[in-house]
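The values are calculated or read from the model by the stated rules, or taken from the named source; none is laboratory data. Remember, predicted model here, so these are calculated numbers, not experimental data. Methodologically, a virtual Cβ is constructed for each residue, glycine included, from the backbone with ideal geometry; neighbour enumeration extends over all protein chains shown.
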Amino acid sequence: MGMQHRLIKVAWNLFLIVTGSLLCAVAINGILIPNQFLAGGISGLSLFIFYLFPSVPVGVSNFLLNIPLFVLGWMFVGRRFFFYSLAGMAIFSAALLIHAPAFPIRDPLLNVLTAGIISGIGSGVILRSLGSGGGLDILSVILLKRFSIRIGTTVMAFNCTLMMASLFRFNLDIVLYTLIYLFVTTQLINLVVTGLNQRKAVMVVSSQWQEIAGEIMETMQRGVTIVNGEGGYTGHPLRIIYSVITFQELSRFKEMVRQHDPQAFMVVTETLEVMGKGIGNQPQW
């Protein structure tokens with residue numbers, strides 16, 4: 001049973017990688033290349049090279065550019081993330097070699113919006129697996145582990161450098177359209193990866209704190225921390241309930257608090273990352 005479970009898990013992750021890679025390849029071959037648009041990351045650099053040297057296929061340059069990154073990645077990233085990302089890079093590079101007909105869209109803005117939606121969904125699906133598509137993802141993880149440079153900082157710095165270099169080869173309109181594409185792609189990635197996996201931190205101040213805390217633990221099966229506090233105006237001691245729940249549980253949580261205490265004071269905040277058994281949503285690497 002253990003072996004069967006592992007095989008199913010591997011098959012599911014490879015399915016996510018293949019599906020996401022095909023979507024990204026369709027966006028590049030069907031929209032970006034016919035319109036001479038650029039992209040971000042290593043695939044964007046591969047497109048840049050392709051426009052300068054059309055005899056070099058995008059899939060080939062993407063594969064070659066990833067080799068030194070994976071050599072470094074072997075030393076700095078987790079083995080599971082490394083091997084899944086290696087498979088992702090190979091599958092994505094192969095998908096780029098598949099010809100896709102150009103989309104019958106004439107308006108450049110509609111083209112970049114469509115490409116951003118498709119690429120964002122594809123990249124998000126890949127990142128829902130235990131790996132990535134390689135490229136800038138590997139470099140970002142290396143810099144984070146080695147120098148504590150945030151992933152967003154690496155991506156932004158690389159793409160800004162690529163866009164600046166593009167100004168010497170492409171007109172400003174192309175670069176601006178590419179920036180729109182990158183923005184839409186990022187928003188869709190966030191939606192696919194964290195949209196249904198968000199964690200909310202909640203703080204509740206109520207005289208019925210014992211009943212509320214008990215229901216959180218017993219009914220919602222979530223942990224609770226009770227913090228001792230004091231009213232700033234009254235000086236009266238009070239209890240603050242702190243807990244972390246999923247996005248889907250938020251509506252039920254608020255209704256539960258209202259039922260116990262309609263006058264309860266509640267604060268709901270976003271979380272960047274949550275680590276811990278049961279409620280954690282930390283990266284797989």
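So which residues in region 69-112 are of a type in the set (Lys, Arg) and crowded, with 20+ Cβ neighbours inside 10 Å?
none
Filtered by the rule that a residue be surrounded by 10 or more Cβ atoms within 10 Å (Cβ to Cβ) and on the phi > 0 side of the Ramachandran plot, region 208-262 gives a lone residue, GLN221.
The single condition among (1) more than 17 Å from TYR177 (Cβ to Cβ); (2) surrounded by 20 or more Cβ atoms within 10 Å (Cβ to Cβ); (3) free of Cβ contacts under 8 Å to residues at least 24 places away in the same chain that LEU47 does not satisfy is (1). Within the set VAL175, VAL125, the sole residue that is within 25 Å of VAL77 (Cα to Cα) and either in contact with a His (Cβ under 9 Å, 6 or more places away or on another chain) or β-branched (Val, Ile, Thr) (or both) turns out to be VAL125.
With respect to GLU230, determine if the residue is out of contact with any Pro (no Cβ under 7 Å at 6 or more places or on another chain), outside the structural domain of ASP107 (by TED's automatic domain parsing) and acidic (Asp, Glu). For GLU230, the condition - out of contact with any Pro (no Cβ under 7 Å at 6 or more places or on another chain), outside the structural domain of ASP107 (by TED's automatic domain parsing) and acidic (Asp, Glu) - is not met. Take LEU23 and decide whether it is buried (at least 20 other Cβ atoms within 10 Å of the Cβ) and within 21 Å of GLY124 (Cα to Cα). The answer is yes for LEU23. Out of the residues in region 50-65 meeting the condition of being surrounded by fewer than 20 Cβ atoms within 10 Å (Cβ to Cβ) and without any contact (Cβ under 8 Å) to a residue 40 or more places away in the chain, tell me which one is farthest from PRO101 (Cα to Cα). In this case the residue turns out to be LEU64. Out of curiosity, is LEU7 assigned by TED's automatic domain parsing to the domain that holds THR153, out of contact with any helix residue (DSSP H, G or I) (no Cβ under 9 Å at 6 or more places or on another chain) and not aromatic (Phe, Trp, Tyr)? The answer is yes for LEU7.
Can you find even one residue in region 116-128 that is free of Cβ contacts under 8 Å to residues at least 24 places away in the same chain and either within 21 Å of LEU38 (Cα to Cα) or in contact with a helix residue (DSSP H, G or I) (Cβ under 6 Å, 6 or more places away or on another chain) (or both)? No - not one qualifying residue is present in region 116-128. For region 15-28, the condition of being more than 26 Å from VAL112 (Cα to Cα) and either touching a residue at least 24 places away in the same chain (Cβ under 8 Å) or aromatic (Phe, Trp, Tyr) (or both) holds for at least one residue.
Could you grab me the full set of residues in region 145-170 that are among the aliphatic types (A, V, I, L, M) and at pLDDT below 80? Break it down stepwise before answering.
The first filter runs over region 145-170 and keeps only residues among the aliphatic types (A, V, I, L, M), leaving 149, 151, 155-157, 162-165, 167.
If the condition is that a residue be among the aliphatic types (A, V, I, L, M) and at pLDDT below 80, then ILE149, ILE151 are the ones that fit.
Please name all residue pairs, on different chains or six or more residues apart, with Cβ atoms under 6 Å, provided the first residue is in region 259-278 and is closer than 26 Å to LEU238 by Cβ and the second residue is polar (S, T, N, Q). From region 259-278, the pairs are HIS260/GLN208; ASP261/SER206; ASP261/GLN208; ALA264/SER206; VAL274/ASN281. Entry remark, region 15-44: residues being aliphatic (A, V, I, L, M) and touching a Ser or Thr at 6+ places or on another chain (Cβ under 8 Å) number 8 in total.
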